[in-house]
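Heads up: the structure comes next, in structure tokens.
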Amino acid sequence: MKKKTMTSRYARSISPNTFLSLFTLSISLFSSSSSSSSSLCDCLVQSADSTPTPPPLPVLPIPTSRQLQWQSSSMALFLHFGPNTFTDSEWGSGHADPSVFHPTSLDAAQWVGVAKQAGFSRVILTAKHHDGFCLWPSEYTDYSVRSSPWRGGSGDVVAELACAARDAGVGLGLYLSPWDRHEPSYGRTVEYNEFYMGQMAELLTRYGEIKEVWLDGAKGEGEKDMDYYFESWFSLIRQLQPGAVIFSDAGPDTRWIGDEAGVAGSTCWSPFNRSNAKIGGTDPQYSRSGDPVGQDWVPAECDVSIRPGWFWHASEVPKSATTLLDIYYNSVGRNCLLLLNVPPNSLGLISEEDAQVLQEFNELRRSIFDENLAKSASLSASSTRGGMMNNSHFGPDNVLKECIYSYWAPEESQSDWTLHLRFQEKVKFNVLQVQEPIQLGQRVIQFHLETLENGDEWRQVINGTTVGYQRLLQFPMLETQELRLVIDKSRGDPLISYLGIYLDCFSILTETPSNTSQTHANGSWVIMKTTRDNHLSATL
Ligand code: FUL
């Protein structure tokens, strides 16, 4: 098939010198600020050749170092906690008596421990939800922990969580709701923006390093009209916490995916036009898919709760581990970060049943993804940048290293982009993982996996659109000795940093739609699937 190289249309080149300094800067920032990233960077290939072929130019836009670090963490744990936890509500009126806030066993170290053991390296707390109640003793309002009986009015949930997170090496993010149903100045634009920025400054100066600031676009119908000074808020956040990513419906660093089910589009670009999105009024379809010609790098975050509500309610139970696994495929497996809400209960603890499910979810992921079956294959490629004979940095074997800075790159101006895997014996698998070195931009538009049958017939197993940081595709069990990953369409030359094949014995694929051909199904030709606990979910 003739491929279209879209370099001229999409790549806004920058000079090689600028690129190299950007590249070096991003590696050094990435490695200095992330403990887990040092192992990622250990795999940088050192040249034995005195004049190695340099990396290709990036295809813009590209991520900042804080976005790279955010994306590499894959999952964060959301903690909705406040008066709603005690009043059985979701959107508190803002008039609940502060005395309702009385967790008798609050233990932030338990929250962080549960998160860490289940593989989450960041937690994000609702420091203030829409009811306006502050989980820290804000100077600007008395509607806070200071007016509650908890710790005799001298407690500070944000401080306890910050301390526990620091001790455990877990990152901390904070949610400060713009919509405030308690604060009397809400509705008076200048006054409320000053109030809000005063609170933001407290949060960003008292508690050490903050990794993410979560700006919720929600607001009830018929509520007072007012403007939020987003640009001033963003500048303040940058000034006080330059390493923090800012989440909102429209970025600037990470965007809302457009639903609260944890499901991204099966096509999901990190490029996006921020000017096309409005905080509090986005087009869900645009948010889900991103924009292949977007000027801004704004990857998506998928938020979803382990329970039906965001806050803890005695009557609700957590989703099963296999349901969480399904959500993982549809979020992390579609180039997004999964933000899973696990609300502490009215004792101030993550409930035992939630912790149990998280542990099982962790075990499921480990048992599936710990062993990349592709490691036993011998790899070849249609071409290699710099040639295979020249100690190339860009050979196909790089796709077996867990590092985005080592990747396979084809020779420039090729019409065939293929990675070929040959096994000594047949391998059995049903999951494909592909990753791009996104520090050089998101490139792959369309790809497919094919297997050799009857010695000389290549049959397509699955196809997909977009890869990004990570793409996971599921398909019925396959047994083969030869495989090819073919990139059909790309913005510039495609680059692949990782290729994995895995055996998932937990998700059961049950139904194939009769009207969907494999060729056009975009990695989701298995429309409905059920997991062992009979959970049924749509994967589109
Ligand atoms: C929504 C809010 O209205 C919900 O209460 C929750 O905080 C969720 C994460 O975002 O917009």
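Pull up the DSSP beta bridges for region 64-211 and report the antiparallel fraction as a percent, rounded to 5. Display every interim value, and only then the final one.
Numbers: 1 of 11 bridges.
Of those bridges, close to 10 percent are antiparallel.
The distance linking region 480-496 with region 160-184 is 42 Å (Cα centroid to Cα centroid, whole angstrom).
By its C-alpha gyration tensor, with a ≥ b ≥ c as the square roots of the eigenvalues, how is region 70-369 shaped: rounded for a/c under 1.5, else prolate for a/b larger than b/c, else oblate? It is oblate, given that a/c is not under 1.5 and a/b is not larger than b/c.
For region 356-487, what does the relative contact order come out to in percent, with C-alpha contacts under 8 Å and a separation of six or more? Write out the running numbers ahead of the final one.
Working: 235 pairs, mean separation 31.5, N = 132.
Averaging sequence separation for qualifying contacts and normalising by length gives 24 percent for region 356-487.
Magnitude of the charge dipole for region 70-369, about its Cα centre and with charges confined to Cβ atoms of Lys, Arg (+1) and Asp, Glu (-1), is about 680 debye. Applying the Karplus relation 6.51 cos²θ - 1.76 cosθ + 1.60 with θ = phi - 60° to region 168-181 yields 3J(HN,Hα) values of 8, x, 10, x, 10, x, 10, 9, 10, 5, x, 6, 10, 7 Hz, where x marks Gly and Pro. The residues neighbouring LEU452, those whose beta-carbon lies less than 10 Å from its own, together hold a net charge of -2 under the Lys/Arg +1, Asp/Glu -1 convention.
Lysine pairs in region 70-369 whose alpha-carbon atoms fall under 26 angstrom of each other, counting only those eight or more residues apart or on distinct chains, come to 12.
Assuming charge only on the beta carbon of Lys and Arg (+1) and of Asp and Glu (-1), the dipole of region 379-465 about its Cα centre is about 220 debye to the nearest 20. The residues of region 70-369 expose on average 34 square angstrom of accessible surface per residue, using a 1.4 Å probe on protein heavy atoms.
Accessible area of region 70-369 with a 1.4 Å probe: how many percent of it is carbon plus sulfur?
Details: 5050 of 10140 Å².
On region 70-369, the fraction of accessible area on carbon and sulfur atoms equals 50 percent.
Applying the Karplus relation 6.51 cos²θ - 1.76 cosθ + 1.60 with θ = phi - 60° to region 147-152 yields 3J(HN,Hα) values of 9, 9, x, 4, 6, x Hz, where x marks Gly and Pro.
Taking amide H as placed 1.01 Å from N in the peptide plane, VAL245 has its amide H under 5 Å from the amide H of GLU212, VAL213, each at least 5 places away in sequence or on another chain. Near GLY198: Cβ cut-off under 13 Å, other residues only, Lys/Arg at +1 and Asp/Glu at -1. The net charge is -4.
Tell me the net charge near TYR143. Cut-off is 13 Å between Cβ atoms, TYR143 excluded, with +1 for each Lys or Arg and -1 for each Asp or Glu.
On the way: positive: LYS128, ARG146, ARG181; negative: ASP97, ASP131, GLU139, ASP142, ASP180, GLU183.
Within the 13 Å Cβ shell, the charges total -3.
Close amide H pairs (under 5 Å, H built 1.01 Å from N) link LYS489 with ILE445, GLN446, residues at least 5 positions away or on another chain.
How much of the DSSP bridge set in region 70-369 is antiparallel, in percent, rounded to the nearest 5? Before the final figure, lay out the partial values.
Values: 3 of 32 bridges.
The answer is about 10 percent antiparallel.
What length, rounded to one decimal in nm, is gained on full extension from THR189 through to ALA261, with 0.36 nm per residue of separation minus their alpha-carbon distance?
Between THR189 and ALA261, full extension yields 22.7 nm more.
Between GLN424 and LEU452, the simple label model (points 7 Å from Cα in the Cβ direction) yields a spacing of 1.7 nm. For region 81-95, backbone phi angles converted through the Karplus equation (6.51, -1.76, 1.60; θ = phi - 60°) give residue-by-residue couplings of 8, x, x, 4, 4, 9, 10, 6, 10, 10, 10, x, 6, x, 10 Hz, Gly and Pro being listed as x. Mind checking which of PRO242, GLY290, ALA300 is farthest towards the positive end of region 203-316's charge dipole, using Cβ charges of +1 (Lys, Arg) and -1 (Asp, Glu) about the Cα centre? Final value for the positive-end residue is PRO242. Each of PHE394, GLN414, GLN433 was placed along the dipole of region 385-442 (beta-carbon charges, centred on the mean Cα), and the one lying farthest toward the positive end is GLN433. Taking amide H as placed 1.01 Å from N in the peptide plane, the amide H of ALA300 sits under 5 Å from that of ARG255, LEU337, each at least 5 places away or on another chain.
Take every DSSP beta bridge whose two residues both sit in region 301-459; close to 60 percent of them are antiparallel.
Set the Cα radius of gyration of region 298-394 against 2.2 N^0.38 Å, with N its number of residues, and you get 1.60.
The values are calculated or read from the model by the stated rules, or taken from the named source; none is laboratory data. Since the structure is predicted, the reported quantities are computational estimates derived from the model, not experimental observations. Quick reminder, even Gly has a Cβ in these numbers, built from the backbone with ideal geometry, and neighbours come from all protein chains shown. Accessible surface areas use protein heavy atoms only, side chains included; no ligands, DNA or RNA. Shrake-Rupley method; radii C 1.70, N 1.55, O 1.52, S 1.80 Å.
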